[in-house]
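Asker: Before anything else, here's the structure in question.
The values are calculated or read from the model by the stated rules, or taken from the named source; none is laboratory data. In this text, all values refer to a predicted model and were calculated from it rather than measured experimentally. Here the Cβ positions follow ideal geometry from the backbone for every residue, glycine too, while neighbour counts run over all protein chains shown. The area values use the complete protein model at the heavy-atom level, side chains included, leaving out ligands, DNA and RNA. Shrake-Rupley method; radii C 1.70, N 1.55, O 1.52, S 1.80 Å.
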Amino acid sequence: MPIPGSGLAKGLAVTLRTMTKRSHTAQYPEVQPELPPRTRGVIGLFEENCTVCMLCARECPDWCIYIDSHKETVPAAAPGGRERSRNVLDRFAIDFSLCMYCGICIEVCPFDALFWSPEFEYAETDIRELTHERDKLREWMWTVPAPPALDPAAEEPKELSAARKAVEKAEAEAAAAAAAAADAATDAAADRTDPDAPAGGAA
């Protein structure tokens, strides 16, 4: 059986503890807040990676992504090859008055064309200005923080190991070619300096 008035006493105790603590006032906007590294502020577009696959627009639950594109024919890379068609991005816009910052568009993008930026100061007096076209989305890309460093104990990414092996193989082939050229030059010089040597360096 609770003691009558115990709830009131607990509430007053919380009030008294709060009264004795010094309040902290954030001096915004003179002092910018320290945001967590994974803050969801605004979305930036890295246009070069976009293939107009439309996955982000299809998966968006708010339908706030607008994409327009057209097809262009790419000439064959080699003689006798076949021409290819590719999508060219005409418009990429996000309506941040509808966006609920779920991040689904960023997660489903298979080519890493969308990124979170911690910037949050983009309020407007006109709601129509909250639809950011691709030029504005590109500007937000320069505010995207660098990815965190990899764990030192983690395995090297396959792309880096493959690239490193290709470079090492090319360097080894170049070194072997240089050594062979140096040996050939040495032999030629020896043939020129030895008058008794038969033609062609044969014994």
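Asker: Show the residue pairs that are 6+ apart or on different chains and have beta-carbon atoms under 6 Å apart, the first residue being within the range 96-112 and without any contact (Cβ under 8 Å) to a residue 40 or more places away in the chain, the second being part of a loop (DSSP other than H, G, I, E, B).
Answerer: L98/D62; L98/C64; M100/D62
Asker: Let me ask something additional. Looking at T73, T51 in this structure, which one is part of a loop (DSSP other than H, G, I, E, B), polar (S, T, N, Q), out of contact with any Lys or Arg (no Cβ under 6 Å at 6 or more places or on another chain) and modelled with pLDDT under 95?
Answerer: Result: T51 is the single residue among T73, T51 that is part of a loop (DSSP other than H, G, I, E, B), polar (S, T, N, Q), out of contact with any Lys or Arg (no Cβ under 6 Å at 6 or more places or on another chain) and modelled with pLDDT under 95.
Asker: Is it true that E168 is more than 27 Å from C50 (Cβ to Cβ), charged (D, E, K, R) and open to solvent by 80 Å² or more (accessible area, probe 1.4 Å)?
Answerer: So E168 passes the test.
Asker: Exactly one condition in (1) of a type in the set (D, E); (2) closer than 26 Å to P29 by Cβ; (3) surrounded by 11 or more Cβ atoms within 10 Å (Cβ to Cβ) is not met by D62; state its number.
Answerer: Answer for D62: the failing condition is (2).
Asker: On the given criteria, is E107 part of a loop (DSSP other than H, G, I, E, B) and loosely packed, with under 13 Cβ neighbours inside 10 Å?
Answerer: Criteria not met by E107.
Residues are listed down the side, and each one gets a yes or a no for (1) open to solvent by less than 90 Å² (accessible area, probe 1.4 Å); (2) modelled with pLDDT under 90:
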{"position": "V144", "(1), (2)": "yes, no"}
{"position": "P147", "(1), (2)": "no, yes"}
{"position": "P152", "(1), (2)": "no, yes"}
{"position": "P157", "(1), (2)": "yes, yes"}
{"position": "A172", "(1), (2)": "yes, no"}
{"position": "A184", "(1), (2)": "yes, yes"}
{"position": "D194", "(1), (2)": "yes, yes"}
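Asker: Select, from L150, L98, L137, the only residue that is part of a loop (DSSP other than H, G, I, E, B), within 22 Å of Y66 (Cα to Cα) and not aromatic (F, W, Y).
Answerer: Only one candidate qualifies: L98.
Asker: Hey, could you check the range 30-59 for residues that are closer than 17 Å to Y122 by Cα and small (G, A, S) and say which is surrounded by the most Cβ atoms within 10 Å (Cβ to Cβ)?
Answerer: That would be G44.
Asker: Counting only residues that are in a loop (DSSP other than H, G, I, E, B) and in contact (Cβ under 8 Å) with a residue 12 or more places away in the chain, which one in the range 122-134 is nearest to G41 (Cα to Cα)?
Answerer: Y122
Asker: Turning to a different aspect of this structure: If we scan the range 118-131, do we find a residue that is surrounded by 15 or more Cβ atoms within 10 Å (Cβ to Cβ), in contact with a strand residue (DSSP E or B) (Cβ under 6 Å, 6 or more places away or on another chain), closer than 22 Å to P33 by Cβ and at pLDDT below 95?
Answerer: Checked against the condition, which is being surrounded by 15 or more Cβ atoms within 10 Å (Cβ to Cβ), in contact with a strand residue (DSSP E or B) (Cβ under 6 Å, 6 or more places away or on another chain), closer than 22 Å to P33 by Cβ and at pLDDT below 95, the range 118-131 yields at least one hit.
Asker: How many of the residues making up the range 1-29 are within 23 Å of W142 (Cβ to Cβ) and surrounded by 10 or more Cβ atoms within 10 Å (Cβ to Cβ)?
Answerer: Final tally of qualifying residues: 0.
Asker: Could you check, for the range 2-15, whether at least one of its residues is modelled with pLDDT under 85 and basic (K, R)?
Answerer: Checked the range 2-15: no residue is modelled with pLDDT under 85 and basic (K, R).
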